[in-house]
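Take a look at the structure set out below.
The values are calculated or read from the model by the stated rules, or taken from the named source; none is laboratory data. These figures come from a predicted structure and were not determined experimentally. Reconstructed Cβ throughout: ideal geometry from the backbone, glycine too, with neighbour counts over all protein chains shown. Protein only, heavy atoms only, side chains kept; ligands, DNA and RNA dropped before computing areas. Shrake-Rupley method; radii C 1.70, N 1.55, O 1.52, S 1.80 Å.
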Amino acid sequence: MSQDPHAEDEILGKAYDARLMRRILRYLQPYWKLLAVALAFLISHTATELLRPYITKIAIDRYIATGDIGGLDSMVLIYLGTVIAGFIFLFIQTYTTEYAGQRAMHDLRMQIFTHLQRQDMDYFDRNPVGRLMTRTVNDVETLNELFSTGVVGLMGDVFIVFGIAGAMLWLDWKLALIALSVFPVIIYASRFYRRRAREVYRESRLILARLNARLQETIAGIATIQVFGQEGKMYDRFQEINSNYRNVLLRSVRYNAVFFPIIEIFSALSIGLVLWYGGWLIGIDGLQAGVIVAFIQYLQRMYQPIRDLAEKYNIMQAAMASSERIFTTLDTQPVIQNSAAPVMPARLRGAVEFKDVWLSYKHGEPILKGISFTARPGERLALVGATGGGKTSIVSALCRFYEIDRGSILVDGVDIRDWDKQALRQQLGLVLQDVFLFSGDIASNITLGDERISEARMIEAARRAQIAPFIERLPGGYRAEVQERGSTLSQGQRQLLSFARALAFDPRILILDEATSSVDTETELLIQTALEELLKQRTAIIVAHRLSTIKNADRILVIHKGQIWEQGGHDELLARAGLYARLYDLQYRLERQNGANTEASTDSGPMSADQSERS
Ligand SMILES: Nc1ncnc2c1ncn2[C@@H]1O[C@H](COP(=O)(O)OP(=O)(O)OP(=O)(O)O)[C@@H](O)[C@H]1O
Ligand SMILES: [Mg+2]
């Protein structure tokens, strides 16, 4: 089972683990007063339940048997009173328990969320989104069930079972012993059932996880499946898991189909015993008939918790497994921590220096191998190179998303490990290859909800990013909602929006991972103008794909296999006829042709426009 990727998420341990339970209860601690109230009402509610059969007994023996109808009325009223009181007690108990549980779960979800936000990139590489979602949503929900049904329910069951046993013994111990004589068999049957149910439950969860994963993968990859005509194969695979799932569930149906009738039989048997032996006792011992009626009611109530046992057991078990996973998550601390006395400078000059930087994602497999370069304040560096060379890795190292193995990275002469993580990242503007848009309006996607950015500054940023005219044409303008993570915006528009975001935050050092996708000539021109705005008076490190960006850089670093292969200006590198010259030839010949075409037709192709601007 260990090779199953879902096994880790579905391991079921004990139904009760004191260590985990103590930690779970810590979340309830702030609400202990509420829980004390809940407990008090739980006991009161149990008391009304215990009382009702006894009132029946008195009604029969003292009033019905003697024909005292006036007294019977008051008994009926008292009976009604216990019903109403029981209702109120149960309401208060349920509400307070749920309230405390919901508050605790809210706190826990916040804690997990905060914790996740603090994690290193490395953590997100290792944990798929689905798993993290499950932690924050499903696992917490399972715990909630433990609070609302599990723990309190179990406590209530214990009170009821012992309370009824006590009441029966007190009413007539001989009859009680006869009634309870079937219990050893029931306990044995329950234990057998519980063990089987647990196995089936564990197995069904495992298969369900696989079923979910299969379904999710199919939906996510539907385009690929349809294009390659793989629906049939996917059908077969799903069919197999689906049948397994059905079979496991049918097994659990079989256990249920045996267990519950057995409980029914024994419940009927014990009632039969009470009637038979009780009737006999009336004759020889002067037992009152009302006691028999009360016993029947008690017994029926007593079997209820036994019927729910399996369900509660599953809840307990699932909750233990969920809490184990939640706590494991919470115990993972980010590796990248602030130093004891972190530096938090107000404003940067914007100097960046890499000194013999080595980085590896997996131990022993270095991706960056001794990268050294400097960017003076205001300088523009372009990183170019074949895919997989390590350009994005250089950027990630600078943002301290990953800890480097060797060497050092200095920003304004200070090692980034001595910087306050947040303060450092605030000074770095990062514009990524694929622009991430959040749900919300356009304005909040530019400011990211940061109150320090005024409306005027936001609009100015949009204007400089060349996106203002487009936004103003939208219904609602800056308040227009971004739908489905921006799927209604074009690639180019998204790119410009991300420039506006960077402009609004006005970082000293700008890091840009240029999008590779090509856009139409008009948008291309907009992007180039916006980019010029964005790069003004900033140190810029650009993973460049656009020929214009590369040519406009002060220095080009050619990254190849984790090293700086060549560096220098465009013409200088071309003259060397090395790797850059080859890259240029292969990658940009096409663009050059396109550029030439547009130049001919519109009189201001992208290349010529840049060159005049820069000189
Ligand atoms: N998070 C990661 N975990 C493990 N390996 C990674 C990770 N990110 C990148 N790599 C590996 O590091 C190497 C360099 O990747 P990187 O993303 O830095 O290349 P790149 O130069 O930016 O490529 P591209 O031009 O395609 O964006 C690749 O071989 C890649 O497989
Ligand atoms: Mg990259």
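If only residues of the range 397-408 that are within 16 Å of ligand 2 (Cβ to nearest atom) and part of a loop (DSSP other than H, G, I, E, B) are counted, the one that is nearest to K362 (Cα to Cα) is Y402.
Summed over the range 448-460, residues that are part of a loop (DSSP other than H, G, I, E, B) and open to solvent by less than 20 Å² (accessible area, probe 1.4 Å) total 1. Within the range 241-256, being polar (S, T, N, Q), at pLDDT below 90 and open to solvent by 50 Å² or more (accessible area, probe 1.4 Å) holds for one residue alone: N256.
Of the residues F295, F259, F238, the single one that is open to solvent by less than 50 Å² (accessible area, probe 1.4 Å) and at pLDDT 90 or above is F295. For the range 461-468, the condition of being over 30 Å from A375 (Cα atoms) and buried (at least 17 other Cβ atoms within 10 Å of the Cβ) holds for at least one residue.
For the range 360-372, the candidate set comprises residues that are at negative phi and in contact (Cβ under 8 Å) with a residue 60 or more places away in the chain; within that set, the residue that is most open to solvent (accessible area, probe 1.4 Å) is Y361. Is it true that N212 is open to solvent by 40 Å² or more (accessible area, probe 1.4 Å), within 21 Å of the chain's Cα centre (by Cα) and of a type in the set (S, T, N, Q)? Answer is yes for this residue. Restricting the range 409-426 to residues that are in a helix (DSSP H, G or I) and touching a strand residue (DSSP E or B) at 6+ places or on another chain (Cβ under 6 Å), the residue that is nearest to ligand 1 (Cβ to nearest atom) is I416. M302 fulfils the conditions (1) within 16 Å of ligand 1 (Cβ to nearest atom); (2) modelled with pLDDT under 90; (3) among the hydrophobic types (A, V, I, L, M, F, W, C) except for a single criterion, (1).
Total residues in the range 107-136 satisfying the condition of being free of Cβ contacts under 8 Å to residues at least 12 places away in the same chain and either farther than 25 Å from N338 by Cβ or within 16 Å of ligand 2 (Cβ to nearest atom) (or both): the figure is 3. Take the conditions (1) open to solvent by less than 40 Å² (accessible area, probe 1.4 Å); (2) modelled with pLDDT of 90 or more; (3) among the aromatic types (F, W, Y); F147 misses just one of them, which is (2). For L381, the stated conditions hold: it is within 16 Å of ligand 1 (Cβ to nearest atom) and modelled with pLDDT of 90 or more.
When T114 is tested against (1) crowded, with 18+ Cβ neighbours inside 10 Å; (2) modelled with pLDDT of 80 or more; (3) not basic (K, R), only condition (1) is not met. Among the candidates T142, T136, T218, T224, the residue that is in contact with a helix residue (DSSP H, G or I) (Cβ under 6 Å, 6 or more places away or on another chain), assigned to a helix (DSSP H, G or I), farther than 30 Å from L108 by Cα and among the polar types (S, T, N, Q) is uniquely T218.
The set of residues from the range 269-287 being in a helix (DSSP H, G or I) and open to solvent by less than 60 Å² (accessible area, probe 1.4 Å) comprises S270, I271, G272, L273, V274, Y277, G278, G279, L281. Among what's in the range 162-209 and is assigned to a loop (DSSP other than H, G, I, E, B) and over 18 Å from K57 (Cβ atoms), pick the residue that is least open to solvent (accessible area, probe 1.4 Å). My answer is V182.
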